[in-house]
Amino acid sequence: MSTLTESAPGYRARRTLPVGVESVRQLKRRRTLAMGLVLGLLPFVLVVAFAVGGTPGGANGQITLMDTATRSGANFAATALFVSAGFLLVVPVALFFGDTVASEASWSSLRYLLAAPVPRARLLAGKLIVALWMSAAAIVLLPLVALAVGTVAYGWGPLELPTGGSLPTGEALFRLALVVVFVFVSQLVTAGLAFWLSTKTDAPLGAVGGAVGLTIIGNVLDAVTALGDWRQFLPAHWQFAWIDVLQPQWEWAGMLKGSAVSVAYALVLFALAFRGFARKDIVS
């Protein structure tokens, strides 16, 4: 089959299933629209919660990021990231990566894509690229909407820091952008897990649920202080290292270590996905 297609007039492997076509296919799916709606509505839910519960205040004299949420739009955006980074943002990443291949298998359309013929590596690479940019868009969407909603609700102003002092608006936006980048990088482990599981099963919920479940297990293990320094090898240990950026003098060490751990795990998992998919017997 490979020899015949490669010698067929006009056939070019690089022209099969362009990323643009795959992007349109994924954007039109209801799960994409539903996830975008959930992320877009969260800031409004938080505003209502603060309106009902009153202005947050520090307990026992201690001020946290949550306590500064209503002081400016920038503070509100940072708080929205804080409450969602641990779990909510895990869901769209697991969904976009875990559903991408497994759903094709469950619909019995995967074998037809390969019979087109689309080279397996190209098919998987295209789906990986689309899942990456869609996950990045989901992670960016939340703070952008939160910044807009927070500015309308609480005004445009500097980012007031829990440790005292404040950052000018321009500097605050730059640091929040760094936070968003780190949050995306820290989610690459979940992405790798979901993508690898998606190539191993034809049950999309299994791939998505497996990735979310393993991420939760990582969070639980990180809470076991008896593990000592071994926790530093867990991606969950560094998921809130970005808090160090929201200080008068920021610290890079935690973010750099967390990024290195996440990228290392992700590269291994992506490699396993490509290796396994290249040898997989596609029957559905």
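Where residues in the range 159-179 are among the small types (G, A, S) and more than 20 Å from L132 (Cβ to Cβ), which of them is least open to solvent (accessible area, probe 1.4 Å)? In this case the residue turns out to be A172. Candidates are the residues of the range 26-47 that are closer than 26 Å to A177 by Cα and either open to solvent by 70 Å² or more (accessible area, probe 1.4 Å) or outside any helix (DSSP H, G or I) (or both); the one that is modelled with the lowest pLDDT is L27. Could you go through the range 176-197 and let me know if any residue there is of a type outside the set (A, V, I, L, M, F, W, C), in contact with a strand residue (DSSP E or B) (Cβ under 9 Å, 6 or more places away or on another chain) and modelled with pLDDT under 95. No, the range 176-197 contains no residue that is of a type outside the set (A, V, I, L, M, F, W, C), in contact with a strand residue (DSSP E or B) (Cβ under 9 Å, 6 or more places away or on another chain) and modelled with pLDDT under 95. Residues of the range 145-157 that are surrounded by 16 or more Cβ atoms within 10 Å (Cβ to Cβ) and either among the hydrophobic types (A, V, I, L, M, F, W, C) or in contact with a helix residue (DSSP H, G or I) (Cβ under 6 Å, 6 or more places away or on another chain) (or both): V145, A146, L147, V149, G150, T151, A153, Y154. Picking from residues in the range 157-179 that are of a type in the set (D, E, K, R) and in a helix (DSSP H, G or I), the one that is farthest from Q247 (Cα to Cα) is E171. Among the residues of the range 97-118, just one is modelled with pLDDT of 85 or more and either β-branched (V, I, T) or open to solvent by 10 Å² or more (accessible area, probe 1.4 Å) (or both), namely D99. Please go through the range 180-200 and give me each residue that is assigned to a loop (DSSP other than H, G, I, E, B) and either open to solvent by 40 Å² or more (accessible area, probe 1.4 Å) or without any contact (Cβ under 8 Å) to a residue 60 or more places away in the chain (or both), ordered by number. Within the range 180-200, K200 is the sole residue that qualifies. The single condition from (1) at pLDDT 80 or above; (2) open to solvent by less than 50 Å² (accessible area, probe 1.4 Å); (3) under 23 Å from the mean Cα position of the chain (by Cα) that F50 fails is (3).
Could you count how many residues in the range 173-198 are within 19 Å of A236 (Cβ to Cβ) and among the hydroxyl-bearing types (S, T, Y)?
Residues meeting the conditions: 2.
Restricting attention to the range 234-284 and to residues that are open to solvent by less than 60 Å² (accessible area, probe 1.4 Å) and outside any helix (DSSP H, G or I), the residue that is modelled with the lowest pLDDT turns out to be S284. The residue that is surrounded by the fewest Cβ atoms within 10 Å (Cβ to Cβ), among those in the range 201-217 that are closer than 15 Å to Q187 by Cα and of a type outside the set (G, A, S), is I217. Only residues that are buried (at least 22 other Cβ atoms within 10 Å of the Cβ) and not in a helix (DSSP H, G or I) were counted in the range 66-88, giving 1.
The values are calculated or read from the model by the stated rules, or taken from the named source; none is laboratory data. On a predicted model such as this, the values are computed, not experimentally measured, just so you know. Every residue, glycine among them, receives a Cβ derived from its backbone with ideal geometry; neighbour counts consider all protein chains shown. Keep in mind that these areas ignore ligands, DNA and RNA; they rest on the heavy atoms of the full protein, side chains included. Shrake-Rupley method; radii C 1.70, N 1.55, O 1.52, S 1.80 Å.
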